[in-house]
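Structure record follows, encoded as structure tokens.
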Amino acid sequence: MSSFDVVVIGSGPGGYVSAIRCAQLGFKTAIIEKYPTLGGTCLNVGCIPSKALLDSSHHYHDAISHFAEHGIEISGDIKMNLKKMIERKASVVDQNVSGIKYLMDKNKITVFEGVGSFEDATHIKVTNGKKSEVIEAKNTIIATGSKPSTLPFIKIDKKRIITSTEALTLTEIPKHLVVIGGGVIGLELGQVYLRLGAQVSVVEFMDRIIPGMDASLSKELTKVLKKQGMKFYTSHKVKSVETKGKTVTVLADSPKSETVTLEGDYALVSVGRRPYTDGLAAEKAGVKLTDRGQIEVNDHLQTNVANIYAIGDVVRGAMLAHKAEEEGVMVAEIIAGQKPHIDYNLIPGVVYTWPEVAAVGKTEEQLKEAGVNYKAGSFPFKALGRSRASGDTDGFVKILADAKTDEVLGVHMIGARTADLIAEAVTAMEFRASAEDISRMSHAHPTYAEAVKEAALDATDKRPLHM
């Protein structure tokens, strides 16, 4: 029987990063993955492939809509080759998962292919088809991730009623894609097919899209996506989704309790994700689950069984790859006797539509609810020279700061490259910077980042320089 200091179950961003950190700390480490490729949902059917399609569709959209204004003339029709786009996406995925395999080999991490299930608190059975073996683990890190959720009355057929997984491999551009759920996944994939020529309708139960983010971001993104042609049905409750032939019919109750009927050729169900513990046999190890199906952990991500930890989507908190990575590193260092810490308030959230949406810290709604006396400063991208030069003038940066101390409490952005710009805000807040601190930092000109400085100036004493 093989024995390891640490066994990680699941090779997504949380799992493989945790395994690498364990190996760096001198632990004999193994990782178990049920699929033939490493990388989990993120690399195979999530973050990476969706961004590949977003980039490809962005290039196509620019070619048909914006090249001419840049003086780029193309003779003949511009054609979309969806098959080639999907092939490129697959190539990007292959490169990334091959990179994870390289990292496992480099760090001398043993990889087991198969389903990992507990026999008891220190023994894990790895089953691959009819073959199985049991390995011993002094410590185990559960990183089994999540799967797409659905609604009880919706039957996912993976042909016409699909999840994000199937949306990444369509063989045709939908004529009308009905997206159920106005969150990150639905909006990103909706924009991919909107750019390629599909009609896209988004049905959202809440009164706005991206409901977990600051309301100002939701309002601006709705405005911009409507301008691009996307249709929204907010405050609508889906009550049935049926397919007949190539037609999917979605019935939803409107705010006035009237039934709205939407007919499309595809319905993308993107109502969130659920923790994935199928086949784990956590009960054999005595590991407790919450009522929501998550692995129950303490502040050190330790389960009720002392030598078993859990990280990422399978535990409480935002289902974000980078959050899982931070947790993976933290657990590895805790096992090594170190005392790491994660400030969950400083885990940024990003929507990779165009314009991109990014945020960190508290929203205005949260500050109001908590009774915090705050001040706000904002700056529109349309006032920036860099934005005018690129033509990306939608959006703004908003900074929320404590009214008395000026400490930055939250930063909310929508615009070009905000997925990258948000790192400046995270850095500033990690060191408890004030809005004035940011306003006095030199920002290269011309850049999109200047909007952060200007918003900080506005928050400090209402003196932006370019507005």
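The values are calculated or read from the model by the stated rules, or taken from the named source; none is laboratory data. The structure displayed is predicted, hence computed values, not measured ones. Heads up, the Cβs are rebuilt from the backbone with ideal geometry, glycines too, and the neighbour counts pull from every protein chain shown. Protein only, heavy atoms only, side chains kept; ligands, DNA and RNA dropped before computing areas. Shrake-Rupley method; radii C 1.70, N 1.55, O 1.52, S 1.80 Å.
Some notes on this structure:
- Hits in the range 227-237 - residues which are closer than 23 Å to residue 192 by Cα and part of a strand (DSSP E or B): 231, 232, 233, 234
- Residues that are open to solvent by 30 Å² or more (accessible area, probe 1.4 Å) and in contact with a Cys (Cβ under 9 Å, 6 or more places away or on another chain) occur in the range 350-373; there is at least one.
- Any hit, the range 331-347, residues being touching a Ser or Thr at 6+ places or on another chain (Cβ under 8 Å) and of a type in the set (Asp, Glu): no
- Scanning the range 199-216 for residues that are assigned to a loop (DSSP other than H, G, I, E, B) and open to solvent by less than 10 Å² (accessible area, probe 1.4 Å) turns up 209, 210, 214.
- All conditions but one from (1) in contact with a Leu (Cβ under 7 Å, 6 or more places away or on another chain); (2) surrounded by fewer than 15 Cβ atoms within 10 Å (Cβ to Cβ); (3) over 23 Å from residue 208 (Cβ atoms) apply to residue 278; the one that does not is (1).
- Residue in the range 146-169 that is open to solvent by 30 Å² or more (accessible area, probe 1.4 Å), in contact with a helix residue (DSSP H, G or I) (Cβ under 7 Å, 6 or more places away or on another chain), more than 30 Å from residue 117 (Cβ to Cβ) and hydrophobic (A, V, I, L, M, F, W, C) present: no
- Residue list for the range 50-82, filter: more than 21 Å from residue 392 (Cβ to Cβ) and not hydrophobic (A, V, I, L, M, F, W, C): 73, 75, 76, 77, 79, 81
- Filter result (open to solvent by 20 Å² or more (accessible area, probe 1.4 Å), assigned to a strand (DSSP E or B) and not polar (S, T, N, Q)) within the range 242-274: 242, 244, 251, 253, 260, 263, 273, 274
- Subset of the range 442-467 [under 30 Å from the mean Cα position of the chain (by Cα), among the aliphatic types (A, V, I, L, M) and open to solvent by 50 Å² or more (accessible area, probe 1.4 Å)]: 444
- Residues of the range 401-424 satisfying the condition of being closer than 23 Å to residue 390 by Cα and not β-branched (Val, Ile, Thr): 412, 413, 415, 416, 417, 419, 420, 421, 423, 424
- Residue among 129, 116, 145 that is without any contact (Cβ under 8 Å) to a residue 40 or more places away in the chain and not polar (S, T, N, Q): 129
- Criterion: among the charged types (D, E, K, R), in contact with a helix residue (DSSP H, G or I) (Cβ under 7 Å, 6 or more places away or on another chain) and open to solvent by 40 Å² or more (accessible area, probe 1.4 Å) - qualifying residue of 283, 325: 325
- Close pairs from the range 159-183: first under 24 Å from residue 205 (Cα atoms) and among the acidic types (Asp, Glu), partner at pLDDT 95 or above and surrounded by fewer than 21 Cβ atoms within 10 Å (Cβ to Cβ), Cβ under 9 Å, at least 6 apart: 166/156; 166/158; 166/159
- The set of residues from the range 339-348 being open to solvent by 20 Å² or more (accessible area, probe 1.4 Å) and not in a loop (DSSP other than H, G, I, E, B) comprises 344, 345.
- The strands (runs of 3 or more DSSP E) located wholly in the range 46-148 that include 1 or more residues which are touching a Gly at 6+ places or on another chain (Cβ under 9 Å) occupy 115-118, 123-128, 131-142, 146-148.
- Enumeration of residues in the range 21-43 that are outside any strand (DSSP E or B) and either aliphatic (A, V, I, L, M) or buried (at least 21 other Cβ atoms within 10 Å of the Cβ) (or both): 21, 22, 23, 25, 38, 39, 40, 41, 42, 43
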